[in-house]
Amino acid sequence: MAEAEQPGVPRGLAAVAAVVVVGGLGLRLAAASTNLWQDEVWSLWLLGRVTAPADVFTAVHHDNNHPLNSLFLYALGERQSWLLYRLLALASGAGAIVLAGAVARRRGAAEALTAVMLFAASFLMVLYSSEARGYMPAVFAALLAFLAFERDGTRPDDGRDALLFGLAIVLGMLSHLTFILVYAGFVQWMLAKRPPLRDLVRWHGLPIACLAVLYVIDVRHMEYGGVSEPIPLERSLGDLASLTFGLPGTAAGAALGAVGLVAVAVAGLARLRRDGGPVRTFFVTCFAAMLAVQIAVGATLQIWLVRYGLVVIAFFYVLFALVLGRVYRAGPGGKAVYALVLTVFCAANGWRSLQLTTLGRGGYPEALARLAAETPGDVVRLAGSDDAGISLLVWFYGPRVSSKRFVYEARGHSGPPPPWFIQTSTDPEVVPPPALEAFGGRYALAETYDCYTSCARWFVYRAESS
C-alpha cells in the first residue's frame with residue numbers, strides 16, 4: 001500500500017520539517033495579529049444567547065455558529081486581546097501541518113516533507129488558521145481521522161484506532177458541517193473494504209449517532225446568514241482553482257489553476273492506483289462530493305465560498321505532495337522540476353500572506369476611533385450601506401476604542417442626517433465616489449480603510465454640513 005522509501009531523500013528530514021513548521025506557525029501568528037473581521041465578531045455576538053455550554057447547540061441555530069469554536073469562545077470569555085480568540089484555529093493550523101506530514105510519511109520521506117511545506121506555505125491554510133472560525137479545526141480533525149483509519153489492519157486491533165477515528169469525526173462535525181464532504185469519503189473507503197457489520201458499527205457508530213443528534217437538536221432548525229453579494233458559479237470555481245495554488249484571482253490565474261487541479265488529481269489518483277488498496281476511493285469521493293455540491297449550490301443559490309471546501313482542499317494538498325514526491329525521485333530533471341514547482345507555490349502563496357498581514361482584515365477600530373476623535377460631544381451618530389454588518393462591528397469595536405457612545409442609525413431613520421456615513425464593498429477594485437447622497441444629506445469622502453480577501457472595505461464619508 002505504501003510506497004517504499006527511495007534513496008536521495010534529503011537528510012535531517014525531522015529537523016528541516018521542524019523549521020518549516022515553525023515558519024508556518026510564524027506566518028499564522030502574523031496573520032492572526034490583524035483585526036477581527038465581521039464573521040468572527042458575528043460568532044462572538046451570537047454567544048450573547050448562550051448562558052450554558054448546551055445553549056451553543058440548542059439556542060443558537062445559525063450557520064455562523066461553529067459549535068466547537070463557539071464552545072471555545074464561550075469558555076474563553078471576554079478578552080481584550082483579539083489574538084486569544086484565534087488560539088483554537090492557530091493550534092489546529094500548526095497541528096495540521098504536522099499531521100499532513102504524518103499522513104504523507106507512509107508514502108515516503110520526500111512526500112512527508114513536501115506535504116509539510118505545502119501546508120505551511122498555503123495561503124488558504126494560513127488564512128483560516130488565523131481566524132476564530134471552525135474551518136481549520138475541521139481540517140485538523142479530518143487529517144487525524146485519516147491517520148487513524150489508515151492504520152486499520154497495520155497493527156494489532158485493540159479498538160484504539162476506531163475510537164480515535166470516531167472522536168476525530170465528531171470533532172470535525174462540531175467544527176463545521178462541511179466536514180460531511182470528507183466523511184462521505186471515509187464511508188466509501190470503509191465500504192470498499194467490504195467489512196463485516198460489526199466493523200461498520202465499531203468505526204462509524206459514534207460518528208453517525210453524533211450526526212443524528214446534531215441534526216435533531218440544531219441542524220434542522222438552522223438559519224443561513226447569507227452572503228453580502230451573490231457569487232456566480234463561474235467565480236466560485238475560478239476562486240477554487242486560483243486560491244488553491246495561491247495564484248492571482250484573474251482569468252489567467254483561474255485557468256492555470258484549473259489545469260493544475262486536473263493534472264494533480266489525475267497524476268495523484270494514478271499513483272494511488274499503482275500503490276494499491278482502497279484509499280483511492282476516499283480521494284475520489286471527497287473530490288466528487290465537493291464539486292457536486294459546489295456546482296449545485298453555486299448554480300442555484302450562488303453562495304458557495306472557497307472555505308466551504310477547505311477540508312477537501314487539505315487532502316488535495318496531500319495528493320499534491322505525493323505527486324511531487326514521485327517527481328523528486330525522477331532523476332536530476334525531476335528534482336529541478338520539483339524545486340521549481342515548490343518555489344513558485346511558496347512565492348505565490350507567500351505574496352498573498354504578505355498582503356493579508358499588511359492590509360489586514362479591515363481597519364474598523366481605526367475608523368471608529370477617528371469618528372470618535374472628530375465628533376464633538378459624547379455621542380457618535382453614523383449610518384451606512386450595510387446595516388447588519390456595520391452595526392455588528394460598531395457593537396464590538398465601539399466600546400473598545402472610545403468611551404463615547406456610538407449610535408448606528410439604520411435605514412428608515414427619519415431624523416436629521418447623521419454626521420458620518422460608511423459605504424462598504426468587498427470588491428478590491430471598487431473606487432469610492434468622492435461624494436454621495438444618503439439620508440437626505442450630502443457626504444464627502446474622508447478616508448478609505450482597505451482590507452484583504454473577503455472582508456468589507458470601509459469608505460468613511462463626513463456630512464458636508466458638519
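The values are calculated or read from the model by the stated rules, or taken from the named source; none is laboratory data. Fair warning: this is a prediction, and the values are worked out from it, not measured in the lab. Cβ sites come from the backbone with ideal geometry, for glycine too, and all protein chains shown count toward neighbours.
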inquiry  = Anything in the range 449-465 that is free of Cβ contacts under 8 Å to residues at least 60 places away in the same chain and either surrounded by fewer than 15 Cβ atoms within 10 Å (Cβ to Cβ) or acidic (Asp, Glu) (or both)? List them, or say none.
reply    = Glu464, Ser465
inquiry  = Which count do you get for residues in the range 243-257 that are surrounded by 15 or more Cβ atoms within 10 Å (Cβ to Cβ) and either over 21 Å from the mean Cα position of the chain (by Cα) or under 19 Å from Val297 (Cβ atoms) (or both)?
reply    = 4
inquiry  = Which numbered condition in (1) more than 32 Å from the chain's Cα centre (by Cα); (2) surrounded by 14 or more Cβ atoms within 10 Å (Cβ to Cβ) is the only one that Gly412 fails?
reply    = (2)
ask   = Of all residues in the range 80-120, which are polar (S, T, N, Q) and either more than 19 Å from Thr34 (Cβ to Cβ) or modelled with pLDDT of 95 or more (or both)?
value = Ser92, Thr114
query = Which ones in the range 369-389 are β-branched (Val, Ile, Thr), closer than 14 Å to Pro416 by Cα and without any contact (Cβ under 8 Å) to a residue 40 or more places away in the chain?
reply = none
Enumeration of residues in the range 205-222 that are without any contact (Cβ under 8 Å) to a residue 40 or more places away in the chain and crowded, with 18+ Cβ neighbours inside 10 Å = Leu211
ask   = Any idea which residue in the range 22-34 is farthest from Arg400 (Cα to Cα), counting only those that are at pLDDT 95 or above and buried (at least 17 other Cβ atoms within 10 Å of the Cβ)?
value = Gly24
key: Unique residue being small (Gly, Ala, Ser) and either buried (at least 17 other Cβ atoms within 10 Å of the Cβ) or at pLDDT 95 or above (or both) when the list is Gly309, Gly277, Gly225   = Gly309
message = What pairs come out if I take residues in the range 87-103 that are free of Cβ contacts under 8 Å to residues at least 60 places away in the same chain and pair them with residues that are crowded, with 24+ Cβ neighbours inside 10 Å and acidic (Asp, Glu) whose C-beta lies under 9 Å away, six or more apart or interchain?
response = Ala89/Glu131
remark   = Matching residues in the range 421-440 (at pLDDT 90 or above and surrounded by 15 or more Cβ atoms within 10 Å (Cβ to Cβ)) number 8
inquiry  = For the range 325-380, give me the residue count where each residue is charged (D, E, K, R) and assigned to a helix (DSSP H, G or I).
reply    = 5
message = Please verify whether Ala132 is modelled with pLDDT of 95 or more, buried (at least 20 other Cβ atoms within 10 Å of the Cβ) and either assigned to a loop (DSSP other than H, G, I, E, B) or touching a strand residue (DSSP E or B) at 6+ places or on another chain (Cβ under 6 Å) (or both), treating the condition exactly as stated.
response = yes
note = Filtering the range 231-247 down to residues that are touching a residue at least 40 places away in the same chain (Cβ under 8 Å) and of a type outside the set (Phe, Trp, Tyr) yields Ile231, Pro232, Leu233, Ser236, Leu237, Asp239, Leu240, Leu243, Thr244, Gly246, Leu247
request  = Can you tell me which residue among Tyr397, Tyr443 is in contact with a Leu (Cβ under 9 Å, 6 or more places away or on another chain), part of a helix (DSSP H, G or I) and among the hydroxyl-bearing types (Ser, Thr, Tyr)?
outcome  = Tyr397
query = Applying the selection to the range 379-406, what residues are in contact with a Pro (Cβ under 9 Å, 6 or more places away or on another chain) and closer than 20 Å to Glu437 by Cα?
reply = Val380, Arg381, Leu382, Ala383
request  = Any chance you could count how many residues in the range 31-73 are without any contact (Cβ under 8 Å) to a residue 12 or more places away in the chain and in a helix (DSSP H, G or I)?
outcome  = 3
key: Matching entry among Val264, Val297, Val293 (being more than 12 Å from Val182 (Cα to Cα), assigned to a helix (DSSP H, G or I) and without any contact (Cβ under 8 Å) to a residue 12 or more places away in the chain)   = Val297
ask   = Do we have Arg457 as of a type in the set (D, E, K, R) and either modelled with pLDDT under 95 or touching a Phe, Trp or Tyr at 6+ places or on another chain (Cβ under 8 Å) (or both) here?
value = yes
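For every residue, the table says whether it meets (1) closer than 24 Å to Ile295 by Cα; (2) in contact with a strand residue (DSSP E or B) (Cβ under 6 Å, 6 or more places away or on another chain); (3) assigned to a loop (DSSP other than H, G, I, E, B).
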{"position": "Leu143", "(1), (2), (3)": "no, no, no"}
{"position": "Asp152", "(1), (2), (3)": "no, no, yes"}
{"position": "Asp157", "(1), (2), (3)": "no, no, yes"}
{"position": "Leu164", "(1), (2), (3)": "no, no, no"}
{"position": "Val170", "(1), (2), (3)": "no, no, no"}
{"position": "Met173", "(1), (2), (3)": "yes, no, no"}
{"position": "Ala184", "(1), (2), (3)": "yes, no, no"}
{"position": "Asp199", "(1), (2), (3)": "no, no, no"}
query = With respect to the numbered conditions (1) basic (Lys, Arg); (2) surrounded by fewer than 23 Cβ atoms within 10 Å (Cβ to Cβ); (3) in contact (Cβ under 8 Å) with a residue 60 or more places away in the chain, which one is the sole condition not fulfilled by Arg107?
reply = (2)
